[in-house]
Each structure stands twice: as C-alpha cells, then as structure tokens.
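Trainee: One structure, pasted below without further comment.
We did not get these values from a lab; they are worked out from the coordinates using the rules stated. In this text, all values refer to a predicted model and were calculated from it rather than measured experimentally. Here the Cβ positions follow ideal geometry from the backbone for every residue, glycine too, while neighbour counts run over all protein chains shown.
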Amino acid sequence: MPEEDLVDIKFRLYDGSDIGPFRYSSAATVDVLKQRIVSDWPKGKTVIPKAANELKLISSGKILENNKTVGQCKVPLGDIGGGVLIMHVVVQPSLAKTKAEKKIDDSPKNVICSCSIL
C-alpha cells in the first residue's frame, strides 16, 4: 500500500485524553474507526461505550457518517505532511437505554424532572 494512502489518526476523548495515534488506510470506513475505539477504550473511564453505534466522531466540526471513508473525511492539510489527524469522540448511549434508565413513576405524588446540557 502506498504511503500516501495511509493516514495517522488520534482520537480525543471527552476528558482530553487520547487513543492512538493509529495508522489507517484512506479506504477504511468511519465504522471501522469506531469499532477500534470501542475495543481500545481506556480502563477506568466514567463513560464507557458498549458498542460502536454509541459513538460519534467529529472532524473539522463535522459529525462523520459511518459509511464514509477516511479519505473522504480528511481535510486537505496543505503542505503539512506526516501530520496526525485528530478526531473528537462523543459517547452517546443508545436512546432505548436512556429511556429505560429515566422511567418516571406515573403516580401524581412523584414528579421527576431531569435536564441535560450537552
């Protein structure tokens, strides 16, 4: 595989720590990247993704789609060669899990209000 078809990517987590860098083919999909992140997730973090579909990858301010390739996602870096592309990782638990955890008792004496700022 030619050297220019490989991209070094580092994944920045919510707490500022990183996973990587790892070298990927420009033909690798975003879904492949997410699977690698889940398998290499650091131990001891308070937020832990259970599956790749709980992750969002952001690069250059855009949420990346699972079917896109690394080559389609990377921004031209101009004359900067050999740089490491940093993608931000957002963990977003599945909607079904979130709803199950936030069940509200229907009785009028118990009112629960929950607000989240993302």
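Trainee: Just add up the charged neighbours of Val30: K/R +1, D/E -1, any other residue whose Cβ is under 9 Å from the Cβ of Val30.
Mentor: Counting the neighbours of Val30, the net charge comes to 0.
Trainee: Can you check what the net charge comes to around Met87, using other residues whose Cβ is under 9 Å from the Cβ of Met87 (Lys, Arg +1; Asp, Glu -1)?
Mentor: Numbers: positive: Lys10, Arg12; negative: none.
Here the charged neighbours net out to +2.
Trainee: Could you compute the FRET efficiency for Arg23 and Thr46, with r as their C-beta to C-beta distance and R0 at 30 Å, rounded to 0.05?
Mentor: 0.55
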